[in-house]
Amino acid sequence: MAKAIMYACVRKGFDTSTVYDGTEALSALTKESFSLIILDLLMPTMDGFAFLKEIRKQNIHIPVIVLTNLSQREELERAKELGAVNCFVKSNTPLVTLIDHVHQSLS
């Protein structure tokens with residue numbers, strides 16, 4: 001799924017970088033500048049909730065769109081409480097919808 005999102009973003013003209021766990025993502029934030037993060041909540045090493053807490057703790061202000069398989073309202077609300085600007089369930093969200101929200105978030 002990450003590769004599909006990356007390719008869709010590249011086709012729309014966005015520069016992208018892909019990592020596969022929360023620890024890698026935090027490391028990437030120290031090395032590069034990002035305008036937006038698309039985050040899964042279920043990741044190895046550090047899950048998305050811990051990642052959101054950590055960037056808040058480090059006072060990092062980058063919009064985060066959550067795209068996850070978790071579909072319980074409580075989990076999605078928790079992600080928003082931790083700073084996600086929007087949350088989408090993978091199985092309910094066409095890729096084109098996600099890319100539209102990326103574009104809107106960056107406009």
inquiry  = For the list (1) surrounded by 15 or more Cβ atoms within 10 Å (Cβ to Cβ); (2) assigned to a helix (DSSP H, G or I); (3) not aliphatic (A, V, I, L, M), I need the number of the one condition that E77 fails.
reply    = (1)
message = Within segment 63-70, does at least one residue satisfy the condition of being in contact (Cβ under 8 Å) with a residue 40 or more places away in the chain and not in a loop (DSSP other than H, G, I, E, B)?
response = yes
ask   = Looking at (1) surrounded by 18 or more Cβ atoms within 10 Å (Cβ to Cβ); (2) farther than 18 Å from H61 by Cα, which is the one condition that is false for G22?
value = (2)
From the options P63, P94, residue that is out of contact with any strand residue (DSSP E or B) (no Cβ under 8 Å at 6 or more places or on another chain) and within 22 Å of V10 (Cα to Cα) = P94
remark   = Condition set out of contact with any helix residue (DSSP H, G or I) (no Cβ under 7 Å at 6 or more places or on another chain), in contact (Cβ under 8 Å) with a residue 40 or more places away in the chain and closer than 19 Å to I60 by Cβ, scope segment 80-107, selection surrounded by the most Cβ atoms within 10 Å (Cβ to Cβ): answer is S105
query = Consider T97 against the criteria (1) under 14 Å from the mean Cα position of the chain (by Cα); (2) part of a helix (DSSP H, G or I): it satisfies all of them except one. Which criterion is unmet?
reply = (1)
task = Kindly list the number of the only condition in (1) within 13 Å of the chain's Cα centre (by Cα); (2) surrounded by fewer than 17 Cβ atoms within 10 Å (Cβ to Cβ) that fails for V64.
result = (2)
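Bear in mind that the values in this text are calculations on the coordinates, not laboratory data. Keep in mind that what you see is a predicted model, and the values were worked out from it rather than measured. Note that each Cβ is placed from the backbone with ideal geometry, even for glycine, and that neighbours are counted across all protein chains shown.
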